[in-house]
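Working notes, structure below.
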Amino acid sequence: MEKKFTFSDALSNAYQIGIKNILSLIGAIILWILTIWIPYINVGTTIAIVTIPASLSRGKVISPTEIFNKRYLKNMGDFFLVTALRGIGVYIAFLFMIIPGIVLSLAWSLAVLLVVDKGINANKSLNLSNKLTYGYKWIIFGAQIVLILPLFILGLIHPIVAALYGILLVPFMLGLKAYVYGQLAGEVAEEE
């Protein structure tokens with residue numbers, strides 16, 4: 001079945017999901033910052049922060065303490081493996097005049113979520129993410145640019161206003177990732 005979503009759908013849902021969860025997301029980020037100094041706990045909270053869009057994609061309002069759920073440690077090995085593979089691949093692609101790096105980062109943008117949320121192994125998640133995002137990269141890229149652009153414009157006007165928008169930008173970007181993940185990977189079956 002062909003998934004359909006538009007640029008305007010992506011933006012409006014990014015804002016809606018971000019606003020709906022803004023306090024919870026800011027609380028989760030503050031809790032994550034507080035755990036930076038606690039080695040093993042920080043691994044779990046980092047995985048949770050990176051993959052929180054999977055929970056947001058189901059339409060629920062998350063709790064800030066969700067980042068302490070032990071399920072985020074279940075796929076720790078595959079999380080680090082997919083993060084490393086994605087990082088190395090995107091870095092090499094960036095060496096070819098930047099644009100291939102951007103395309104590859106968009107193609108593999110759902111891989112980490114697939115590992116943690118669906119339990120798919122690292123290699124398969126990169127391939128599946130590439131297939132799921134095929135034909136939607138311009139929409140995802142354009143929505144990200146539209147969300148980030150006000151930060152630069154406001155930075156020219158006043159740094160404090162830009163900083164305030166920067167705080168809002170994190171929930172909006174997580175909302176966009178949640179919407180994209182829900183639309184493109186919502187029906188992907190979990191692996192045991």
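Derivation of every value follows stated rules applied to the coordinates shown; laboratory data play no part. Computed from a predicted model, the values in this text were never measured in an experiment. So basically every Cβ, Gly included, is an ideal-geometry build from the backbone, and we count neighbours across all protein chains shown.
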Here the net charge surrounding I52, from other residues whose Cβ is less than 12 Å away from its Cβ (Lys, Arg +1; Asp, Glu -1), is +1
Expected max-MSF residue from V161, V50, V90 in the GNM of the chain (alpha carbon, under 10 Å) is V161
Ranked from fewest to most other Cβ atoms within 10 Å of their own Cβ, F172, F152 fall in the order F152, F172
Put in order of increasing Cβ neighbours within 10 Å, starting from the fewest, Y91, Y179, Y40 give Y40, Y91, Y179
Karplus ³J(HN,Hα) for the stretch 85-93 (6.51 cos²θ - 1.76 cosθ + 1.60, θ = phi - 60°; Hz, whole; x = Gly/Pro) runs 4, 5, x, 5, x, 5, 4, 5, 5
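Placing +1 at every Lys and Arg Cβ and -1 at every Asp and Glu Cβ, with all other atoms neutral, what dipole size does the chain have around its Cα centre, in debye to the nearest 20? Provide the component values of the computation, followed by the final result.
Working: 14 positive and 9 negative charges, 10 e Å.
Value, rounded to 20: 40 debye.
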Residue by residue through the stretch 101-111, the couplings from Karplus 6.51 cos²θ - 1.76 cosθ + 1.60 with θ = phi - 60°, in Hz, x for Gly and Pro, are x, 5, 4, 5, 5, 5, 4, 9, 5, 9, 4
So, with points 7 Å from each Cα along the Cβ direction, the E187-V61 label distance in nm works out to 3.1
Computed ³J(HN,Hα) along the stretch 18-31: with the Karplus parameters 6.51/-1.76/1.60, θ = phi - 60°, integer Hz and x for glycine or proline, the list is x, 5, 4, 10, 4, 5, 5, 5, 5, x, 5, 5, 4, 4
In a Gaussian network model of the chain with springs linking alpha carbons closer than 10 Å, the residue among L34, L73, L106 that fluctuates most is L34
